[in-house]
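> The following block contains the structure, expressed as structure tokens.
The values are calculated or read from the model by the stated rules, or taken from the named source; none is laboratory data. What you see is a predicted model; the values in this text were computed from it and never measured. Reconstructed Cβ throughout: ideal geometry from the backbone, glycine too, with neighbour counts over all protein chains shown. Ligands, DNA and RNA are excluded from the accessible area calculation, which covers all protein heavy atoms including side chains. Shrake-Rupley method; radii C 1.70, N 1.55, O 1.52, S 1.80 Å.
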Amino acid sequence: MQKTILDRVERVADDVVSLVLRGDEGPLAPWEPGAHVDLALPNWLTRQYSLCGDPGDLSAYRIAVRLDPLSRGGSEYVHWYLQPGRTLEVSLPRNHFPLAPAAEYLFLAGGIGITPIVPMLRAAVASGAAASLVYVGRSASTMPFAADLVATYGERVRLFDHGRPDLSALPREQEVYCCGPASMIAAAEAIFPRLHVERFEPTRRVFGPDTPFEVVCARSGTRLRVPADESLLDVLNHAGRPVPSGCREGVCGSCELSVLDGEPEHRDDIGAPAGRLYPCVSRARSPRLVLDV
Ligand code: FES
């Protein structure tokens, strides 16, 4: 974790505040557009936020936090209690939404989903590519950074402040990066062949019945049984093999582990790289998994 000082809290839209977290011990770890960090809150909750500042300025990270009406304590704490001057721990950046080189980009953002898109659009424009943004919100006052984006990028930015336009009318043969509500991502998935998405919430899918399996912790040789009604993450944590975690829903990537043997049943929404698994949601197809823990 990296130690930061909360430098500024600024309201950037209805129910959205931007936080500037200044490195307390020198420059912060580098990051690429699309990356996110875990923010450890003083109320013991950890939440994930996309970095929306300038990757060229490692003196500080910038994030934006929407007050979730169904908050489980994370966004409420940020909005109601965090004050400048507070020391906060932030993880190293992780990126499951990297910007691949391309000649033409379309960015689709819905509401707070604009956060990873801001540095991606900046990088795409700086690369000389043709890049445009379709930014959708419920109303103009709920759309963070909208005015700045229009001021900076002009006609490249199209704002829709009364709901989503017909995405099927947009050109399809370009790299499309989408972050927003599940309904927007689902609509984009049905249209764009070269689509990259960042989800804030898990997709609803039905998996087969949970069955018990064995996990071997390779570093110690310890064998543990994962019962049908418990997650692999909980079993490891309860056995004294702590694994960092954030969302516990298979979207943030903070619990990633290496698989040395056995066949995982991936249930995450990240797309686990080969040889990796997210134990907060994923289980095993084989009777046994050997993990690098
Ligand atoms: S805790 Fe977020 S993916 Fe596992």
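> Out of the residues in segment 13-29 that are surrounded by 15 or more Cβ atoms within 10 Å (Cβ to Cβ) and of a type in the set (Gly, Ala, Ser), state the one that is farthest from Pro93 (Cα to Cα).
So the residue we want is Ala13.
> While we're looking at this one, here's another question. I'd like the full set of residues that are surrounded by fewer than 20 Cβ atoms within 10 Å (Cβ to Cβ) and within 13 Å of the ligand (Cβ to nearest atom), limited to segment 274-293.
Passing the criteria: only Arg276.
> Going through Asp68, Asp54 one at a time, which residue ends up being assigned to a loop (DSSP other than H, G, I, E, B) and free of Cβ contacts under 8 Å to residues at least 40 places away in the same chain? Steps first, answer last, please.
Numbers: Asp54 fails: free of Cβ contacts under 8 Å to residues at least 40 places away in the same chain.
Being assigned to a loop (DSSP other than H, G, I, E, B) and free of Cβ contacts under 8 Å to residues at least 40 places away in the same chain holds for just one of Asp68, Asp54, which is Asp68.
> Does any residue of segment 203-211 turn out to be assigned to a loop (DSSP other than H, G, I, E, B), closer than 23 Å to Pro93 by Cβ, at pLDDT below 95 and within 16 Å of the ligand (Cβ to nearest atom)? Walk me through how you get there before you give the answer.
We begin by selecting, within segment 203-211, every residue assigned to a loop (DSSP other than H, G, I, E, B); these are 203-211.
Now restrict to residues that are closer than 23 Å to Pro93 by Cβ: none.
There is no residue in segment 203-211 that is assigned to a loop (DSSP other than H, G, I, E, B), closer than 23 Å to Pro93 by Cβ, at pLDDT below 95 and within 16 Å of the ligand (Cβ to nearest atom).
> When segment 32-49 is examined, which residues are found to be at negative phi and either open to solvent by 20 Å² or more (accessible area, probe 1.4 Å) or among the small types (Gly, Ala, Ser) (or both)? Show your work before the answer.
Filtering segment 32-49 for residues at negative phi gives 32-33, 35-43, 45-49.
Listed by number, the residues that qualify are Glu32, Ala35, Ala40, Pro42, Asn43, Leu45, Thr46, Arg47, Gln48, Tyr49.
> Then there is this: Only one of (1) surrounded by 13 or more Cβ atoms within 10 Å (Cβ to Cβ); (2) of a type in the set (Asp, Glu); (3) in a loop (DSSP other than H, G, I, E, B) is not met by Glu214, so which one is it?
Looking at each condition in turn, Glu214 falls short on (3).
> Still on this structure, please answer the following. All but one of (1) β-branched (Val, Ile, Thr); (2) modelled with pLDDT of 95 or more; (3) closer than 30 Å to Phe160 by Cα hold for Val251, so report the exception by its number.
Condition (2) is where Val251 drops out.
> In addition: May I ask you to list the residues in segment 248-273 that are within 9 Å of the ligand (Cβ to nearest atom) and either under 22 Å from Gly208 (Cα atoms) or open to solvent by 40 Å² or more (accessible area, probe 1.4 Å) (or both)? Give the steps one after another, and end with the answer.
First, the residues of segment 248-273 that are within 9 Å of the ligand (Cβ to nearest atom): 248-256, 268-270.
Those that are within 9 Å of the ligand (Cβ to nearest atom) and either under 22 Å from Gly208 (Cα atoms) or open to solvent by 40 Å² or more (accessible area, probe 1.4 Å) (or both): Arg248, Glu249, Gly250, Val251, Glu256, Asp268, Asp269, Ile270.
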